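Read the structure below first, then the notes.
The values are calculated or read from the model by the stated rules, or taken from the named source; none is laboratory data. Keep in mind that this is a model prediction, so the values were computed, not measured. Glycine also receives a Cβ, built like all others from the backbone with ideal geometry; neighbour counts cover every protein chain displayed.
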Amino acid sequence: MSGLILAAPSSGSGKTTVTLGLLRALRDRGVTVRAAKSGPDYIDPLFHAAACGVPCFNLDAWAMPEDRLRSIACGPELMLIEGAMGLFDGAPPDGKGATADLARFLDLPVVLVVDASHMAQSVAPLVKGFAAHDPKVNIAGVILNKVGSPRHEAMLRRALKVPVLGAIHRDPKLVTPSRHLGLVPAGERPDLEAFLNHASTSIARQVDIDALCALAQPLLERIEDNPPPPPTKRLAVAKDAAFTFAYPHQLRDFVEDGFEVLPFSPLNDEPVPEADLIILPGGYPELHAGRLANASNFIDSLRKAAETTDIYGECGGYMVLGEALTDANGTVHQMAGLLPLQTSFAERKLHLGYRDLRSEHGPFQGHFKAHEFHYATTIKADGDPLFEAKDAEGNPLPPMGLRRARVCGSFAHIIDRALP
């Protein structure tokens with residue numbers, strides 16, 4: 001029951017690829033390993049789960065209190081936590097929620113993944129600055145990434161005073177394709193297994209995995225919760241390439257509250273299962289809008305369920321509950337029509353940031369921590385809002401979402417219930 005954190009000075013340093021290669025290499029060695037992702041991220045955890053065969057949970061130091069973080073992190077496996085952005089980058093105004101916060105809260109060492117492609121001796125002051133910035137954050141070692149040659153590697157190693165755990169040379173086969181919300185999701189990569197196996201082989205050859213594992217520090221033992229009660233309620237959750245963004249810790253919470261989780265696929269035109277609550281998570285409905293519009297079994301059953309059942313949509317799911325969705329080519333697709341909402345990707349605009357939400361309506365009543373990350377433009381949104389909202393600095397925002405009868409939703413992704 002031990003762990004360590006893989007972080008970087010900035011985004012784009014290659015820590016996701018390094019993490020994936022390590023997870024697969026450790027799994028292939030017979031090590032019981034799992035991963036966690038710092039911050040609000042749906043895409044990287046799906047890659048982590050594919051690499052090691054175990055679900056990946058999110059650890060969000062902005063939205064979750066320390067005891068919640070420890071409860072999710074602790075377990076019998078070796079835990080590799082992938083950081084987000086740069087090590088000390090977090091929410092405004094003071095960086096709360098950064099990967100460094102996790103290192104302090106969980107008392108875990110940090111291995112810094114450094115993109116060395118455009119530096120030589122300058123790597124030394126860079127790493128020294130990160131190591132000295134906060135004495136409570138232990139930079140235990142460095143993995144050099146995107147190294148150009150053996151000569152380049154030798155120059156970097158000579159410059160550094162901290163342990164160098166490995167040097168990964170540039171390799172076009174380790175580049176991962178991206179699109180507007182991040183990496184192309186794991187489920188859409190037909191070459192995923194080949195990529196993970198190549199990353200594993202490359203990392204195992206160029207990184208001292210034994211030395212890295214020896215740095216891992218014990219996690220506080222998790223207090224065993226009572227076993228979940230037998231399910232007495234049913235939760236229907238959309239799950240396919242259009243609806244991929246559901247946090248595992250939230251689904252676990254529903255199970256512990258006595259729900260049986262029933263996944264179904266709108267893209268396969270499966271009707272909504274009979275349930276006590278229906279959730280349409282976020283994802284990429286804009287890429288599948290034509291298929292969703294023609295999924296008559298799904299749409300008809302959703303409309304019928306709305307007469308007697310609470311329905312909640314997050315981000316992409318919220319858009320599907322609306323009247324129409326315009327794709328990037330300007331084609332308008334009719335959606336479920338359960339909310340007076342029209343959205344468009346013909347003109348994209350980034351909406352990004354943590355959100356502090358309160359509501360007296362719908363299945364998520366009370367005070368919640370959330371985040372927003374999408375490029376959709378709202379063409380029409382009439383009716384009663386769902387949430388009162390503030391940003392990470394406590395500044396009031398316009399009310400978010402819509403509600404009508406038993407149907408509601410918003411662009412916000414709920415992370416966790418806020419402390420009183």
Hits in region 256-279 - residues which are outside any loop (DSSP other than H, G, I, E, B) and either surrounded by 15 or more Cβ atoms within 10 Å (Cβ to Cβ) or over 22 Å from the mean Cα position of the chain (by Cα) (or both): F259, E260, V261, L262, P263, F264, L277, I278, I279
- prompt: Within region 280-292, can one find any residue that is of a type outside the set (S, T, Y), over 23 Å from P185 (Cα atoms) and surrounded by fewer than 24 Cβ atoms within 10 Å (Cβ to Cβ)?
  reply: no
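With respect to K369, determine if the residue is in contact with a Lys or Arg (Cβ under 8 Å, 6 or more places away or on another chain), under 23 Å from M85 (Cβ atoms) and buried (at least 19 other Cβ atoms within 10 Å of the Cβ). Break it down into steps so the answer makes sense when it comes.
Values: in contact with a Lys or Arg (Cβ under 8 Å, 6 or more places away or on another chain): yes; under 23 Å from M85 (Cβ atoms): yes; buried (at least 19 other Cβ atoms within 10 Å of the Cβ): yes.
Spelling it out, K369 is indeed in contact with a Lys or Arg (Cβ under 8 Å, 6 or more places away or on another chain), under 23 Å from M85 (Cβ atoms) and buried (at least 19 other Cβ atoms within 10 Å of the Cβ).
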task: Give region 375-390 a look and list any residue that's in contact (Cβ under 8 Å) with a residue 40 or more places away in the chain and either within 13 Å of R358 (Cα to Cα) or under 24 Å from the mean Cα position of the chain (by Cα) (or both), or say none.
output: Y375, A376
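Out of everything in region 114-123 that is among the small types (G, A, S) and over 19 Å from K15 (Cα atoms), what residue ends up being surrounded by the fewest Cβ atoms within 10 Å (Cβ to Cβ)? Spell out how you get there, then give the answer.
Step one: list which residues in region 114-123 are among the small types (G, A, S), which gives 116-117, 120, 122.
With the extra rule that they be over 19 Å from K15 (Cα atoms), the set shrinks to 120, 122.
On the way: A120: 14, S122: 12.
The residue in question is S122.
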message: Testing V207 on (1) crowded, with 18+ Cβ neighbours inside 10 Å; (2) without any contact (Cβ under 8 Å) to a residue 40 or more places away in the chain, one condition comes back false. Which one is that?
response: (2)
message: Whether any residue in region 30-40 is under 23 Å from E188 (Cβ atoms), touching a Leu at 6+ places or on another chain (Cβ under 7 Å) and free of Cβ contacts under 8 Å to residues at least 40 places away in the same chain is what I want to check.
response: no
message: Where the second residue is surrounded by 22 or more Cβ atoms within 10 Å (Cβ to Cβ) and of a type in the set (K, R) and the first is at pLDDT 95 or above and lies in region 124-147, which pairs have Cβ atoms under 9 Å and are six or more apart or on separate chains?
response: I143/K15; N145/K15
task: Can you run down the residue pairs with Cβ atoms below 6 Å, 6 or more apart or on separate chains, where the first is in region 326-349 and touching a residue at least 24 places away in the same chain (Cβ under 8 Å) and the partner is of a type in the set (D, E, K, R)?
output: D327/E286; G337/E323; L339/R404; P340/D382; Q342/E323; Q342/K380; F345/E286; F345/D327
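Which of the strands (runs of 3 or more DSSP E) found entirely inside region 290-360 contain at least 1 residues meeting this: over 19 Å from D382 (Cβ atoms)? Write out each step before concluding.
Numbers: elements: 310-314, 324-326, 332-334, 341-344, 351-359.
Strands (runs of 3 or more DSSP E) meeting the threshold: 310-314, 332-334, 351-359.
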- prompt: within 23 Å of F345 (Cβ to Cβ), in contact with a Pro (Cβ under 6 Å, 6 or more places away or on another chain) and either surrounded by 15 or more Cβ atoms within 10 Å (Cβ to Cβ) or not assigned by TED's automatic domain parsing to the domain that holds D41 (or both), is that true of F245?
  reply: yes
message: Quick check on region 247-268. Is at least one of its residues closer than 22 Å to M64 by Cα and touching a Phe, Trp or Tyr at 6+ places or on another chain (Cβ under 6 Å)?
response: yes
query: Has region 362-385 got any residue that is in contact with a Ser or Thr (Cβ under 7 Å, 6 or more places away or on another chain), outside any strand (DSSP E or B), in the same structural domain as I278 (by TED's automatic domain parsing) and within 24 Å of V272 (Cα to Cα)?
result: yes
query: Residues in region 161-181: is at least one over 17 Å from A50 (Cβ atoms), aliphatic (A, V, I, L, M), part of a loop (DSSP other than H, G, I, E, B) and under 21 Å from the mean Cα position of the chain (by Cα)?
result: yes
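Restricting attention to region 407-420, does a residue exist that is more than 24 Å from A324 (Cβ to Cβ), small (G, A, S) and surrounded by 14 or more Cβ atoms within 10 Å (Cβ to Cβ)?
Our first condition is that a residue be more than 24 Å from A324 (Cβ to Cβ); within region 407-420, this holds for 414-420.
Add one more test, that the residue is small (G, A, S), and what stays is 418.
Then keep just the ones that are surrounded by 14 or more Cβ atoms within 10 Å (Cβ to Cβ); that gives 418.
Scanning region 407-420, I find at least one residue that is more than 24 Å from A324 (Cβ to Cβ), small (G, A, S) and surrounded by 14 or more Cβ atoms within 10 Å (Cβ to Cβ), so the answer is yes.
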- prompt: Out of all the residues in region 144-160, which are part of a helix (DSSP H, G or I) and more than 13 Å from L126 (Cα to Cα)?
  reply: P150, R151, H152, E153, A154, M155, R157, R158
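Among A100, A51, which is surrounded by 21 or more Cβ atoms within 10 Å (Cβ to Cβ) and over 17 Å from the mean Cα position of the chain (by Cα)? First the steps, then the outcome.
Numbers: A51 fails: over 17 Å from the mean Cα position of the chain (by Cα).
On inspection, the qualifying residue turns out to be A100.
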- prompt: When region 60-89 is examined, which residues are found to be over 21 Å from H367 (Cα atoms) and charged (D, E, K, R)?
  reply: R70, E77, E82, D89
